[in-house]
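The values are calculated or read from the model by the stated rules, or taken from the named source; none is laboratory data. Values in this document were obtained by computation on a predicted structure and should not be read as measured data. Neighbour counts run over all protein chains shown; Cβ positions are idealised from the backbone, glycine included. In case anyone asks, the SASA skips ligands and DNA or RNA and just uses the protein heavy atoms, side chains included. Shrake-Rupley method; radii C 1.70, N 1.55, O 1.52, S 1.80 Å.
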Amino acid sequence: MKAFKLTLLTAALGGILITTSSGPAADAKKDSKSYPLKTCVVSDEKLGGDMGDPYIFTYKDKNNKNDPGREVRLCCKSCLKDFNKEPAKYLKKIDDAEKSAKK
Ligand SMILES: [Zn+2]
């Protein structure tokens, strides 16, 4: 009887492990496909290169309440200051990249 209970417990734990490992990893793959640029819009540095993990955030236009926000990827957090100085200029770079990717 003890052995039977142990088998059930092992099966349950195995199920939990499988569920958690397949979730976030699959989402990350999907995201990298939808973003059109491989470089930082501010510095033009390669994302995820020597600088380490890219800084990813969602930019929302404060003047537009209906803005769903859009994903922006920078090579590092210090580029965020420059981005916030001229967000329209950098967002246009992403727009242009999206357009040329669709061609
Ligand atoms: Zn940077």
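Residues of the range 69-96 that are assigned to a helix (DSSP H, G or I), over 15 Å from Glu45 (Cβ atoms) and not basic (Lys, Arg): Asn84, Pro87, Ala88, Leu91, Ile94, Asp95, Asp96. List, please: which pairs have Cβ atoms under 6 Å, are six or more places apart or on different chains, and start with a residue in the range 66-85 that is of a type in the set (Lys, Arg) and end with one that is near the ligand (Cβ under 8 Å from one of its atoms)? Pairs that qualify, where the first residue is of a type in the set (Lys, Arg) and the partner is near the ligand (Cβ under 8 Å from one of its atoms), are Lys77/Tyr55.
Among the residues making up the range 53-72, a single one is near the ligand (Cβ under 10 Å from one of its atoms) and open to solvent by less than 50 Å² (accessible area, probe 1.4 Å): Pro54.
Among the residues of the range 73-100, not one is basic (Lys, Arg), away from the ligand (no atom under 16 Å from the Cβ) and open to solvent by less than 80 Å² (accessible area, probe 1.4 Å). Among the residues that make up the range 43-51, is at least one of them at positive phi and either touching a residue at least 40 places away in the same chain (Cβ under 8 Å) or assigned to a loop (DSSP other than H, G, I, E, B) (or both)? Yes - at least one qualifying residue is present in the range 43-51.
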